[in-house]
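Beneath this line is the structure, given in structure tokens, with notes to follow.
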Amino acid sequence: MKTPNFSIEFFPPKTAEGTEKLRVTRAKLAELNPKYFSVTFGAGGTTQQGTLDTVTEIRREGHDAAPHLSCVGGTRESIRAILNDFKANDIRRLVALRGDLPSGYGMGGEFRYANELVEFIRAETGDWFHIEVAAYPEMHPQARSPQDDLNSFVRKMQAGANAAITQYFYNADAYFRFVEEARKAGVTAPIVAGIMPITNSTQLQRFSEMCGAEIPRWIRLKLASYGDDTASIKAFGLDVVTAMCERLLAGGAPGLHFYSLNQAAATTAIWQRLV
Ligand SMILES: Cc1cc2nc3c(=O)[nH]c(=O)nc-3n(C[C@H](O)[C@H](O)[C@H](O)COP(=O)(O)OP(=O)(O)OC[C@H]3O[C@@H](n4cnc5c(N)ncnc54)[C@H](O)[C@@H]3O)c2cc1C
């Protein structure tokens, strides 16, 4: 099989120990030769320096890396300063998002939605950046309807995004249907599937409730039946997620983006089964 186009996401570590641990993780994952690494950005700019530091360190090691940039709570001036920082560091790609402020913060800021951020980036920096945006095959949790969410996605692409990465899901049909609808709505850019390996049932449940990703009943019940048996959870997760990745690639997904959670083992195991 031809090596699929794949990328790996990290979050910026908050401690010296986390930074060291991520270096070890990264060295292992770099052996898989991903197209690029991406590094998340805390909404409201909370990880701004950590994101840039992690991205520049990865690039110094000889790998391509993309910072995420979320606009919620930001002003045109603050976002402009960040873009200038990225440019000054010769960063050529980024993932543009609205982001979510923690509850109690209100929205504030000068950007309401990610399409406004994409427009602003293009107006400020022309074609300097390759821009990726987020897509939601199972609908973003705040969207009024699937059609409204699709319309928002199309607006984001039309604002100048080059490609999209989806929220994770465990139902390949939701992805295929979303891509088909996006194509009918005129989106021709690649829509890369976001993949969350399954290694920990409690954590997965918590994330999924927050971001609106559905864990199918049969997967949820299987995971629950393993209790604290983490070896069985990981083995089951590896089988299920690998089978889904195989289906996605066979069905035409242009690439896979792994949410690594700064861990190497699960992404590596899935990857090795795929190639
Ligand atoms: C690949 C990926 C990477 C991510 N990385 C990060 C990260 O680094 N940092 C972070 O904080 N979060 C990150 N997130 C989470 C993301 O910020 C949240 O899902 C957030 O709630 C939405 O961001 P968005 O860019 O998709 O927003 P948008 O595209 O702006 O959509 C947000 C909501 O608003 C609706 N909407 C959009 N435009 C309009 C409009 N004009 N009128 C009415 N409704 C509208 C949409 O339907 C949707 O419900 C990531 C998500 C993904 C999938």
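The values are calculated or read from the model by the stated rules, or taken from the named source; none is laboratory data. Not measured: the values here are computed from a predicted model. Reconstructed Cβ throughout: ideal geometry from the backbone, glycine too, with neighbour counts over all protein chains shown. In case anyone asks, the SASA skips ligands and DNA or RNA and just uses the protein heavy atoms, side chains included. Shrake-Rupley method; radii C 1.70, N 1.55, O 1.52, S 1.80 Å.
Some points to look at:
- When residues of the stretch 9-23 are limited to those that are touching a residue at least 60 places away in the same chain (Cβ under 8 Å) and assigned to a helix (DSSP H, G or I), the one most open to solvent (accessible area, probe 1.4 Å): Lys21
- Strands (runs of 3 or more DSSP E) wholly inside the stretch 163-275 that include at least 3 residues being hydroxyl-bearing (Ser, Thr, Tyr) and closer than 22 Å to Thr40 by Cβ: none
Conditions (1) without any contact (Cβ under 8 Å) to a residue 12 or more places away in the chain; (2) among the small types (Gly, Ala, Ser); (3) open to solvent by less than 70 Å² (accessible area, probe 1.4 Å); (4) farther than 30 Å from Pro216 by Cα, marked per residue:
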position	(1), (2), (3), (4)
Val72	no, no, yes, yes
Thr75	no, no, yes, yes
Asp85	no, no, yes, yes
Arg93	no, no, yes, yes
Arg98	no, no, yes, no
Tyr113	no, no, no, no
Gln142	yes, no, no, no
Val154	no, no, yes, no
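- Of all residues making up the stretch 24-45, the number that are more than 16 Å from the ligand (Cβ to nearest atom) and surrounded by fewer than 19 Cβ atoms within 10 Å (Cβ to Cβ): 7
- Residue check for Ser152: at pLDDT 95 or above, closer than 24 Å to Ala123 by Cα and hydroxyl-bearing (Ser, Thr, Tyr): yes
- Criterion applied to Val72, Val95, Val55 was being closer than 19 Å to Pro12 by Cα and part of a loop (DSSP other than H, G, I, E, B), and the one residue passing it is Val72.
- Any hit, the stretch 129-149, residues being in a loop (DSSP other than H, G, I, E, B), over 20 Å from Gly212 (Cα atoms) and more than 10 Å from the ligand (Cβ to nearest atom): yes
- In the stretch 176-200, the residue that is farthest from the ligand (Cβ to nearest atom) out of those that are touching a Gly at 6+ places or on another chain (Cβ under 8 Å) and open to solvent by less than 10 Å² (accessible area, probe 1.4 Å) is Ile198.
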